[in-house]
Every structure is written in structure tokens, then in C-alpha cells.
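Working notes, structure below.
The values are calculated or read from the model by the stated rules, or taken from the named source; none is laboratory data. Everything numeric here is computed off the predicted structure, so don't read it as measured data. Virtual Cβ from ideal backbone geometry, glycine too; neighbours counted across all protein chains shown. Ligands, DNA and RNA are excluded from the accessible area calculation, which covers all protein heavy atoms including side chains. Shrake-Rupley method; radii C 1.70, N 1.55, O 1.52, S 1.80 Å.
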Amino acid sequence: MSDARTPAQIEADIVRRREQLAGTLDEIGVRMHPKTVIGDAKAKIASTVDRTAGRALVTVNRTVSDMRSKFVDEEGAPRLERVVPVALVAVGLVGLYAVSARRRRA
């Protein structure tokens, strides 16, 4: 048995490989085109921003829930033993700000 190929078979093989190579080169050209590279970079950045924003939202939600649980009981009623001292501190800070603002004007 011989593996001799005919010139037509060799030529057909060359044509097929040339078409495959042309397709591969076209694909590389599309992947390396500046618009494609920029689009891929934008998509990656958008994905990273979305992921980061999602994590931040979860963290903020958790923090708000933790803070809320410190000032409100399970039934939704305010815990006066915690709300009153915080309100007094807030009023004191506003008062200090008002006094310092008046002194700056004078």
C-alpha cells in the first residue's frame, strides 16, 4: 500500500489549509482590532465596577441594618435608652456649630 497522493489531492489540501489559515488570520485581525480591544476593556471595567458597586451596596445595607437594630427593637419601636443620648449629642453639636458660626461673623 502506498500513501501516494495525486496532484489534485495535494492541491485540494493546499487550498483547504490556505482557507483555514485565512480564517484564522481574519479572526486574529478582529480580536486585535483597536475597537475590539477597547470594547473588551470597557466591558471588563464595567463588570469590575458593577461587582464593586454590588459589594458596596451589600456592605451599606448590612451597616444600615446593624445601626437600625441598635436603635429600633424587633417590633419597630424606638429604643429610647439609645435614641435620647444620640439626639442630645446631635443637638449639642448643632449648637456648637451655631455658636462658632456667630463668632466667625462677628
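Could you report the chain's accessible area per residue, 1.4 Å probe, as an integer in Å²? On a per-residue basis, the chain sits at 92 Å².
Restricting attention to the range 1-60, which trypsin sites (Lys or Arg not before Pro) occupy a DSSP loop and are surrounded by at most 16 other Cβ atoms within 10 Å?
5
Sorting 14, 45 by accessible area puts them as 45, 14; the probe is 1.4 Å, largest comes first, and only protein heavy atoms count.
Backbone phi angles across the range 20-36, fed through the Karplus curve with coefficients 6.51, -1.76 and 1.60 (θ = phi - 60°), yield HN-Hα couplings of 4, 5, 4, x, 4, 5, 4, 4, 4, x, 5, 5, 9, 4, x, 5, 5 Hz in residue order; Gly and Pro are listed as x. A Förster radius of 41 Å, combined with the Cβ-Cβ distance separating residue 43 from residue 64, puts the computed FRET efficiency at roughly 0.85.
Give the carbon-plus-sulfur fraction of the accessible surface of the chain in %, rounded to a whole number; probe 1.4 Å, heavy atoms of protein chains only. Carbon plus sulfur share of accessible area: 63 percent.
A cut-off of 5 Å between modelled amide H atoms, ignoring neighbours fewer than 5 places along the same chain, links residue 72 with 79.
Please give the FRET efficiency for residue 12 paired with residue 32, using the beta carbon to beta carbon distance and R0 = 30 Å, rounded to the nearest 0.05.
Values: r = 31 Å, r/R0 = 1.02.
Efficiency for this residue pair is about 0.45.
GNM remark for the chain: springs join alpha carbons under 10 Å apart, and the peak mean-square fluctuation among 60, 30, 91 falls on 91. A run of the chain free of exposed loop cleavage sites, with GluC sites (Glu not before Pro) counted only in DSSP states other than H, G, I, E and B and at most 14 other beta carbons within 10 Å, reaches its longest extent at 1-73. Ligands, DNA and RNA excluded, the heavy atoms of residue 80 present near 110 Å² of accessible surface to a 1.4 Å solvent probe.
You can think of it this way: the chain between residue 84 and residue 101 has 3.6 nm of extra reach, that is 0.36 nm per residue less the Cα-Cα gap.
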